[in-house]
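The values are calculated or read from the model by the stated rules, or taken from the named source; none is laboratory data. In this text the structure is predicted, and so the values were computed from the model without any measurement. Neighbour counts are summed over all protein chains in view; Cβ atoms, including those assigned to glycine, are modelled from backbone coordinates with ideal geometry. These area figures cover heavy atoms from the full protein model, side chains too; ligands, DNA and RNA do not enter into them. Shrake-Rupley method; radii C 1.70, N 1.55, O 1.52, S 1.80 Å.
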Amino acid sequence: MTPLLPVLALLASALAPPAPAAVADRPNIVFVLVDDLSKNLVPYMPNVQRLERDGTSFTNYTVTDSLCCPSRASILTGRYPHNTGIVKNHGSDGGFLLFRSRGEEKSTFATDLKPAGYRTAFLGKYLNEYLPETGYVPPGWDLWVAGGNAYDNVDYALNENGRVTRYGSRPQDYLTDVLSVKAQGFIRSSAKAGKPFAVEISTYTPHLPYPAAPRDAASFPGLTAPRGPAYGNVPKNAPGWLAPHSALTGAQIAHMDRGFRQRVQSVQAIDRMLGDLRVTLEKAGIADDTVVVFSSDNGYHMGEYRLNPGKQTAFDVDVNVPLVVAGAGVKVGQVSDALVENVDLRPTFGDLAGARVPDAVDGRSFRALLGGLAPQQWRTGSLIEHSDPATDPADPDYQKQSENTPPSYDALRTAEFTWVEYVDGTREYYDRQSDPAQMLNLAGGLDPERVTELSERLRALATCAGRSCRAAGG
C-alpha cells in the first residue's frame, strides 16, 4: 500500500501553480521606444494589447523626467537627470551636444552589450539636437540609422552608419514604416549570423504634429479625447502655477479632440510595426530566444487639469507610461505593480545579456520581476525630476515663464501617493489610492513630522548617485 504522505505531496504538487522561472540567459532584445505615448492610446493598439497578454505589464512604471531628452538620456545611461546633467532638450543644460561633451555616450547599454558579444542596432530618434548630416555615430552600435528633426515622418535625412540618406514624401517613405523594414532586416541578418542581438527602434510618433501614415489618415472618424475626472478641471488646493487656469474654451476642446484623433491614427503604424517585428522573429525561428520590450519616453496630457497639450508635470498622465515585456521566459499574463523606472532598463538589459554594468548606474535590474519572482529590498519610492529655468526665480529668464509649464520640481512617487516639492516652495500630496485622478492636493493638511519625513526621503533620492540611489529608493 502506498504511504499516505507521499501521495498527498504528489497531489499538492500537481495542484500547485508552477513556480516562477528565471528569464532566459542571453536572449535577443527588441526594444521599441515611442515618443510622447500616453496610456490612453493603448486601447487603440491591438498588438500592444497582445504583447500584454503574452507577457508582463508594469502598472507603476515611471520616467525620471517627462521630457524627451532627459528621459532618453536616463534610458541610455541608467542614471537620473541630476547625474547625467541632461535636464532639458537643448542648450547649456540639455540635448545631444551636452550629452556628448560630458562623455555620457561612452557608457550606455550599447557599450555594455557589444563587448558581451551582442550585435547592436539603433534605429530612429536619438537625442534632441542630433543632426544626421554630421555623419556622427556614437560608440557601441554596430548598425546606426538615426534622424534629426524628422517629426513630420516625411522629407527627412537618416545617418545610416555614417552615410546620409535622404527620404521624400512617398507613402513608402513614412518614417515609422522605414524603421520597421530596417529593423526586420537586422533581425533576419542577426538570426542568420547566429549571434545574440539588441535593437532599439525609436519612433518619432506620436509626437506633435502627430503625423499618421497615409493609409491611416482617415481612420477613427469622430473620435474625441477622453473625458476623465481631470479633464477640464484643476485639483482642489492646486499649486500656484496651475490654480489660475480658466475653463477650456470650445476652440481648445475642438483642437484637442482633433489632436487626440491624429495621435490615435499615428500609433497605428507603430502597432503594425510591433506586430511585424514579432512575426519576423517567429519566421526566423528566434521568437522563443528574444525579449520584446515596449515603452515610451514620457506621457502626454490633453485637457487634463485644464492644460493645453504637453507634458513635464508630475501627474501620472505625464510620468506613468506603458512598459510591456514578453518572450524568452517572461511570465505570461502577469501584471506587476512593482515600482520600475526608466533608469532600470540599462541594468536589466545588461543582466539579461550577462554583461558588466558599471556600478555608477542608478537603476537596478528588474529581470527577476519578469519571471514572477519578488526581488529582495525592491524600491518603494521612485524619483521624478523636472528642471525649467524659465520658472526658476534664480534664472534670468524667470519672467518669461509659460502658464502650461510647471516650475522646477522634484517628486517622490510610491505605489500609494505622489509628493511634489517645487522650487518656489509649493508642495503637493496626492493619495492615489483614494484619488487616482489626483484631484485633491492634501499637502496643506499633513502634520509637520510627515512633511519632514517626505522631504528627507525626497532629498536623499534627488541627490543620490549610483549605489546610494539604489539604497535611497528602498
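Here are some notes:
Conditions (1) in contact with a Phe, Trp or Tyr (Cβ under 7 Å, 6 or more places away or on another chain); (2) open to solvent by less than 60 Å² (accessible area, probe 1.4 Å); (3) under 16 Å from residue 125 (Cβ atoms), marked per residue:
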{"position": "190", "(1), (2), (3)": "yes, yes, no"}
{"position": "199", "(1), (2), (3)": "yes, yes, yes"}
{"position": "227", "(1), (2), (3)": "no, no, no"}
{"position": "243", "(1), (2), (3)": "no, yes, no"}
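- Residues that are open to solvent by less than 10 Å² (accessible area, probe 1.4 Å) and within 14 Å of residue 346 (Cα to Cα) number at least 2 in the following helices (runs of 4 or more DSSP H) confined to region 36-141: 68-77, 109-113.
- For region 229-241, residues that are out of contact with any Leu (no Cβ under 6 Å at 6 or more places or on another chain) and exposed (fewer than 13 other Cβ atoms within 10 Å of the Cβ) total 2.
- When the residues of region 296-333 are filtered to those that are of a type in the set (S, T, N, Q) and touching a Leu at 6+ places or on another chain (Cβ under 8 Å), the one that is most open to solvent (accessible area, probe 1.4 Å) is 312.
- Being within 25 Å of the chain's Cα centre (by Cα), crowded, with 20+ Cβ neighbours inside 10 Å and under 21 Å from residue 89 (Cβ atoms) is a property that residue 149 lacks.
- Test: residue in region 157-170 that is assigned to a loop (DSSP other than H, G, I, E, B), touching a residue at least 60 places away in the same chain (Cβ under 8 Å) and open to solvent by less than 30 Å² (accessible area, probe 1.4 Å): no
- Residue check for residue 125: of a type outside the set (Ser, Thr, Tyr), under 23 Å from the mean Cα position of the chain (by Cα) and more than 28 Å from residue 299 (Cβ to Cβ): no
- Cβ-Cβ contacts under 6 Å between residues 6 or more apart (or on different chains), taken from a first residue in region 344-365 that is touching a residue at least 60 places away in the same chain (Cβ under 8 Å) to a second residue that is among the acidic types (Asp, Glu) and assigned to a helix (DSSP H, G or I), are listed as 350/112; 355/112; 357/112; 363/344; 364/344.
- Long-range neighbours under 8 Å by Cβ, at least six apart or interchain, first residue surrounded by 15 or more Cβ atoms within 10 Å (Cβ to Cβ) within region 171-186, second among the aromatic types (Phe, Trp, Tyr): 173/167; 175/156; 175/167; 175/204; 176/204; 178/167; 186/197
- Members of region 336-367 found to be assigned to a loop (DSSP other than H, G, I, E, B) and open to solvent by less than 10 Å² (accessible area, probe 1.4 Å), listed by number: 361, 362, 363, 366
- Some residue of region 191-203 being within 26 Å of the chain's Cα centre (by Cα) and under 16 Å from residue 300 (Cβ atoms): yes
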